[in-house]
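Beneath this line is the structure, given in structure tokens, with notes to follow.
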Amino acid sequence: MRHPFSALLLFCFSLGLASAYAQTPSLGADAHKLFDKGMNALTGVGINQNDLNAIDYFRRSADLGYAPAQVVLGYFYDTGFRLSQNSTEAADWYKKAAKQDDRLAQWLLGRLYYTGNGIPRDLSAADTWLQQAADRGDPFGQYLLGGVKLERNDYAKAAEWFRKAAMQGLPQAQQQLGELYKQGRGVSTDKFQAYIWLLVSFEAGNQSVSNELQLLEAELGSTQVEEAKTKAHELEGTVTRAVVAGGCTGWPGEFDPVPTPPPPDKQRFCR
């Protein structure tokens, strides 16, 4: 029979062990704290900014499986910011986060496959990952998925995804939708609608559509042009990026034909 004193020691030991487990933060909590430290080191001012510390914190957080940290590391490798540019490493980190249903990682990974910048171009892989981001409402995923469908001559699907991205304020998607209306691809030919969407894109800063607008003005005539301008200005109240983005806007290259990845300080608004 076990000695009463031994049983008491075992009981106390069990209580202490349980207490220790209760007080130990979860790996998720640790990963989050490491990520926050990384952001503080990355965005701090003067002596508070330390790129080496930031990278170390992000890598430790990413190694613990924290998706936002994995995306930041992917961004560093993708853009060559703070780390040597390496698209293969970028894709690896994006994929880890994308498999956790991080929609930002999904469109960034799809973008790499779509462009083939530093990795083999793969439209099927691009389609897979962009579809996941697009289905979750990501405008960049929707726009790039439209580009994949366009390359595959699936004009109806391209128009569908360009429209969704256009309604979320991407001027490059608004341009693509306008051009499909002008050409009658995937939608019925409608020069009036084409003018509206191209004008919305132009007003958002896309100067590349100016010649197309002039040609359409000559075809439509002054009465229809004035009506289209009115409708475009009404539409701008709900499809301007600054209105609908929720903070996920305002970085160089956001409105390029192939959008650039949002920097770390913007990424939290893009999920």
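I need every pair where a residue in the range 128-155 that is β-branched (Val, Ile, Thr) has its Cβ under 8 Å from the Cβ of a residue that is open to solvent by 50 Å² or more (accessible area, probe 1.4 Å), sequence separation at least 6 or different chains. Sorted first by the residue in the range 128-155, then by its partner, the list stays empty. For the range 161-197, the set of residues classified as among the β-branched types (Val, Ile, Thr), open to solvent by 50 Å² or more (accessible area, probe 1.4 Å) and in a helix (DSSP H, G or I) is empty. In this structure, Leu145 does not satisfy being under 20 Å from Ala54 (Cβ atoms) and either in contact with a His (Cβ under 9 Å, 6 or more places away or on another chain) or hydrophobic (A, V, I, L, M, F, W, C) (or both). Of the residues making up the range 59-98, just one is among the basic types (Lys, Arg) and outside any helix (DSSP H, G or I), namely Arg82.
Any residue at all in the range 56-79 that's free of Cβ contacts under 8 Å to residues at least 12 places away in the same chain and over 29 Å from Asp30 (Cβ atoms)? For the range 56-79, residues free of Cβ contacts under 8 Å to residues at least 12 places away in the same chain and over 29 Å from Asp30 (Cβ atoms): absent. Residues of the range 128-157 that are farther than 24 Å from Ala242 by Cα and either more than 17 Å from the chain's Cα centre (by Cα) or charged (D, E, K, R) (or both): Lys149, Leu150, Glu151, Arg152, Asn153, Asp154, Tyr155, Ala156, Lys157. Taken over the range 71-89, the criterion of being under 16 Å from Met39 (Cα atoms) and open to solvent by less than 10 Å² (accessible area, probe 1.4 Å) is satisfied by Val71, Val72, Leu73, Gly74, Phe76.
The values are calculated or read from the model by the stated rules, or taken from the named source; none is laboratory data. Note that the structure is predicted; figures quoted are calculated from it, not measured. Neighbour counts are summed over all protein chains in view; Cβ atoms, including those assigned to glycine, are modelled from backbone coordinates with ideal geometry. The accessibility values were calculated without ligands, DNA or RNA, using every heavy atom of the protein model including side chains. Shrake-Rupley method; radii C 1.70, N 1.55, O 1.52, S 1.80 Å.
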